Amino acid sequence: QKRRAPITRPSSSDTVHNNNNNNNMSDNATEERLCEALSGVLLDKDVDGLDEDLVTYISGMLFAKMQEDEDGAAGGDDVIQEAMEEVLVPFLDSVDCPDTLVEEAKQSIHALLSSASASSSNDAGTTSSSTATRKLAQGVVSMSSDLGGDNDDEATRYLWGKEGGVAAMHNKLIDAYNTEKENLASARDKRKARKKELEKARKLLSSNNDADVDQDAGGGLVRMKYHDLSGGGGTKDKRKDIQVRNVTVALDNGTLLMDSSELKFAYRRRYGLIGENGVGKSTLLKHIANEDMPEFPQHMRVLHVRQEVPAHLSQELTVLDAVLQSDVERNHLLETEKELLAKLEAAGDDDDDTNLTLEEKRKKLTSSSQTGSSIAELNADLKKLDNVYARLQALGSDSAQSRAAMILSGLQFSPERQQTPVADLSGGWKMRVALAAALFIQPELLMLDEPTNHLDLEALLWLESYLVDYAHTLMVVSHDRGFLNEVCTDIVEFKNLKLTYYRGNFDNYVKQRDENIRNAMRAYQAYQTKREHMMEFIEKFRANAKRSTMVQSRIKTVEKMDAEAPEPVEVDAVWRFSIPNSPPLGPPIISINDVTFDYTPEGKSKSEYLLQKVNFGVTLTSRIAILGANGQGKSTLLKLIMGLLRPIGGSLSVNSGLRIGYFTQHSGDNFDLKLSALENMLNMFEDAEDQEMRSFLGKFQIQGNDCLKPMMLLSGGQKSRVAFAALAYKKPHVLVIDEGSNHLSMSAVDALVEAIRDFQGGLLVVSHDQYFVSNTCSELWVVTDGACTRFRGDFDEYKKHSAEATQKRVEESVKRISTMKT
């Protein structure tokens, strides 16, 4: 029997590999040509904000959009036009690109993409034909091989796919199929979020050109709107109340935040502005600070302190001097005084004038001024100087230094720290300096945006007591309901593009709001019941001629009722989440015995260490709040427990099986912000499945597009919820939370409180949020002067104790300044 000659087979794996490489090279070439075409059109023109990086980014977005659309629909002019309208046009509009240049770019891109699409279609046909030929050849080889003699093993390998070439091709095809399937699923998910992501990107680009109302070109702490009243002319408008109708606030991209609402601020009342994250509270404050509303009183001093650290706070002035120089109106008046005195004062030694009050200076100048200039000019200068002195006296210029020292001391600045350059302070302390400057200036309308975020409890309690006696109108944005209860006389709810005003503090607001909801539900239910009763009569006797008059009457009544019907009541869904419990551990859990620590122990005695012989313990039933002023060692104690620091002396033992869930106010920034929340979580927990992690994030209100977009586009509250999700997924035995309620809305704080109450494990909390501490902790420990001791009393008693200590320190600071002046 003649042996059949072996048939030569093509290498299928090499063919697939080469085709993939060719496709990748083609894709890269198309994207590069796209970038070159856009650069040739756009970069030749001088357009502000349009640079090479933006053109490259637009090119990548356009190419990605084209690939996604080709996965789900046939390509062509419609796909190209849609890609340009959704990607190219919005970005060019955001940098105010001329319409003619936009059209020129669209024509260039359309021509390039059309030719690339036609070329790729021809390549696809050729590839498909060669693939079919390859499959046919393999079938002939496999089925026509001689199954006898020396070819038995070879044929068997072909038949079962065990031959090297066939097996390799099979595996690569499977891998390519799975990868393509995964990419397609990812593309479908991303396609749904594409429009919103582009809109957010436009907002980000346009916001870079927004004027920052709090930035002062002169390098000051805060920027205040004021009008020079030293000229004597003054203003006829003496209104102290603020009432502005038909106020509309929108972002630069057209997104409406407030629609035809009304601002109503009565003089010397204190308003708390509340609303969910992202509703536009901070934007509204900026809008008011700009005073760009026609009916807004133009004679009032208006100041807005933002919740973030101003970038310009890097000056070399000391803290005290920076606060004193923050009042730009006072500085202007003092300069005017010097100019007038230099012009009017007669020659002579006037060194003693430095000890005179403003009124004494004015009287001396009036009585001693003899000049050869015209009497009219002299009288005009004297009158202007008189107005300057009067305005300085109204601003309390004589007591400026003692007031500044008092405010700084209340915000926990020691006398030594008050002489520290502002540039040497951390971000949190810089925000305290900005807050101190605002309180020192005392504008007629003071607006504070989350002023408690960077304060410890002692400074917060002092701020509450100071604002309660504030002499003018106050508007504050805060998620701290304890702070709102203590400070505010009115609550303003920002919801559904409107402002709704409630008399009383936050607790009164909750009662009024709930009562209004109940009344609205009763009214709507009564309307529904009456309407159903009438419609039943109408349907029953519609065909009855004898009762046609009654039916027509009821139809008209129903139509009138519908026209005047109350709005359906929408009750916000209550968000709740849980922290999974772990199996219990045997004691000891955490034990701290005579622990001593300091960051720079060299050259110090043990009595000067930050923490000295601390004895402390945590069990699975502990609910402990650690209190104390900033800098006393609260966060340091937590870091020792976490193992992030090592004690100098003493011992710290932790159960070997203990899992600790650690959360800080900056935990949201510890993620890779270029990745999505889902990607970050999957990187942290490698064994988790994609869908499982999506569902888990959804329990923390990170769902839909929010779990897919880069975390840099999430709000502070959303980042915090992702951090809590990561904490909960670990199934910890003990929670360690350092200022966990910062950046969270009130509903999110409520959800966190409920989750902690249901959590069957230990709890360690550092927080200035009175509501959060009172509702989660049963023990209070105070860190001060190197020691950590348990406070025998409830939270209200600690507040009273802390307020008394702070007041004593403030009085001593003011007394020290007075002694220095004398």
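The values are calculated or read from the model by the stated rules, or taken from the named source; none is laboratory data. Model, not experiment: these values are computed from the prediction. In this analysis, Cβ positions are derived from the backbone assuming ideal geometry, glycine residues included, and neighbour counts consider all displayed protein chains. Side chains included, ligands, DNA and RNA excluded: accessible areas come from the protein's heavy atoms. Shrake-Rupley method; radii C 1.70, N 1.55, O 1.52, S 1.80 Å.
Things to note:
- Placing R0 at 51 angstrom, the Cβ-Cβ distance between GLN703 and ASP99 gives a FRET efficiency of 0.85 after rounding to 0.05.
- Relative contact order (percent, whole number), segment 477-571, Cα cutoff 8 Å, 6+ residue spacing: 21 percent
- With all protein chains in place and a 1.4 Å probe, the accessible surface of segment 407-478 carries 47 percent carbon and sulfur.
- Estimated inter-spin distance, GLN512 and GLN691, nm [label 7 Å along Cα→Cβ]: 4.9 nm
- Using the Cβ-Cβ distance between ARG33 and LYS815 with R0 set to 56 Å, the FRET efficiency from 1/(1 + (r/R0)^6) comes to roughly 0.15.
- Overall, the accessible surface of segment 490-599 at a probe of 1.4 angstrom is composed of carbon and sulfur to the extent of 52 percent.
- Prolate/oblate/rounded call for segment 538-624, Cα gyration tensor, a/c under 1.5 rounded: prolate
- In order along segment 531-540, phi translates into HN-Hα couplings of 5, 4, 5, 5, 5, 5, 5, 4, 5, 6 Hz, rounded to whole numbers, per the Karplus curve 6.51 cos²θ - 1.76 cosθ + 1.60 with θ = phi - 60° and x for Gly and Pro.
- In terms of the mean number of neighbouring beta-carbon atoms within 10 Å, the peptides 384-391, 455-462 order highest first as 455-462, 384-391.
- Assigned charges on the beta-carbon of Lys, Arg, Asp, Glu; segment 623-781 dipole about Cα centre (debye): 340 debye
- Here the label points at SER715 and GLU291, each 7 Å from Cα along the C-beta direction, are separated by 3.0 nm in the simple model.
- Note, ³J(HN,Hα) from phi for segment 568-579, Karplus 6.51, -1.76, 1.60, rounded to Hz, x at Gly and Pro: x, 7, 9, 9, 4, 5, 8, 8, 9, 9, 10, 10
- For segment 600-672, the Cβ-based charge dipole about the Cα centre amounts to some 300 debye (Lys, Arg positive; Asp, Glu negative; other atoms uncharged).
- Segment 694-768-segment 522-589 distance, computed between alpha-carbon centres (Å): 35 Å
- Global geometry of segment 243-284, whether rounded, prolate or oblate, following the gyration tensor of its Cα atoms and the 1.5 cut on a/c: oblate
- Rounded if a/c under 1.5, otherwise prolate or oblate - segment 456-588, Cα gyration tensor axes: oblate
- Amide N of segment 561-582 lying under 20 Å from the label point, which is placed 7 angstrom from the Cα of THR621 along Cα→Cβ: 581-582
- For segment 655-739, GluC sites (Glu not before Pro) are listed when DSSP marks them as loop and at most 11 other Cβ atoms sit within 10 Å of their Cβ; the list is GLU686, GLU689.
- Solvent exposure of segment 707-819 as accessible area per residue, Å², 1.4 Å probe: 38 Å²
- 3J(HN,Hα) couplings calculated from phi for segment 797-811 with the Karplus curve 6.51 cos²θ - 1.76 cosθ + 1.60 (θ = phi - 60°) are, in sequence order, 5, 5, 4, 5, 4, 5, 4, 5, 5, 5, 4, 5, 5, 5, 4 Hz; Gly and Pro show x.
- Total lysine pairs in segment 514-636 at Cα distances under 16 Å, for residues eight or more apart or on different chains: 5.
- Report note on the peptides 474-483, 104-113: ranked by the mean count of other C-beta atoms within 10 Å, highest first, their order is 474-483, 104-113.
- Highest-first packing order for the peptide set 777-784, 742-749, 707-714, 523-530 is 742-749, 707-714, 777-784, 523-530, based on the mean count of other beta carbon atoms within 10 Å.
- In terms of distances greater than 19 angstrom between alpha carbons, the cross-link table entries LYS674/LYS730; LYS281/LYS495; LYS338/LYS384; LYS709/LYS731; LYS430/LYS719; LYS498/LYS719 yield LYS674/LYS730; LYS709/LYS731; LYS430/LYS719; LYS498/LYS719.
- Taking amide H positions as modeled 1.01 Å from N, with prolines and chain starts lacking one, the residues under 5 Å from ARG659 and 5 or more places away or on another chain are HIS733, VAL734.
- The amide H of LEU499, built 1.01 Å from its N in the peptide plane, has GLU262 as neighbours under 5 Å, considering only residues 5 or more places off or on other chains.
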